[in-house]
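These notes concern the structure reproduced below.
The values are calculated or read from the model by the stated rules, or taken from the named source; none is laboratory data. Nothing here was measured: the structure is a model prediction, and the numbers come from that model. Reconstructed Cβ throughout: ideal geometry from the backbone, glycine too, with neighbour counts over all protein chains shown.
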Amino acid sequence: MTEDAHTGSARKKPRTAIVVVLLVAAAGGVATFLSTRPSGDGSGSSGGQASLFEMRQVIDSKGSLGPPIVTSADVQAATAIQVPTRETWAVAVRLDPAGTTALANATARLVDAPSPQNQLAMLVYGRVVASPTVMAPITGGEVQITGNFTEDEAKSLANRLAAATG
């Protein structure tokens, strides 16, 4: 907790980074992509209320983002899980068939795109939390959002994502 200089009230210290790990079926196995990015005031929200979860292509070095490829509406299931090697919590997300197909098609295109257009921005509540470089098409439809989540934070995000499913 830190003290707000303007109000004198206590406020939570912002996280310095969130990590997103993508699990992918590639060449008969599972490959893992890991990326970190400061969690400051990432942009990419399409105005109005920020979406709970989105994946968008990075368009240029200024951080401009393309339209959503996958959103929380494409989430089939979400579960809070403990990450034993880091003693933190994560959210495992499984996409529905439409989301899986959209992500597979988009990442197949992004593999051969020039940098930074070969990056896939991950947004939670309209904030870019990571933008990993796509190294192979992501065909498995599974995403794991990890970071310095407490058990309550991971469960809350998982519950919100699960509630957003159709």
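Counting just the residues of segment 49-77 that are surrounded by fewer than 20 Cβ atoms within 10 Å (Cβ to Cβ), hydroxyl-bearing (S, T, Y) and touching a residue at least 12 places away in the same chain (Cβ under 8 Å), which one comes out farthest from T107 (Cα to Cα)?
Per the criteria, the residue is S51.
Read through the list (1) at pLDDT 80 or above; (2) more than 12 Å from the chain's Cα centre (by Cα); (3) under 24 Å from G140 (Cβ atoms); (4) among the β-branched types (V, I, T), then give the number of the only condition that V24 fails.
(1)
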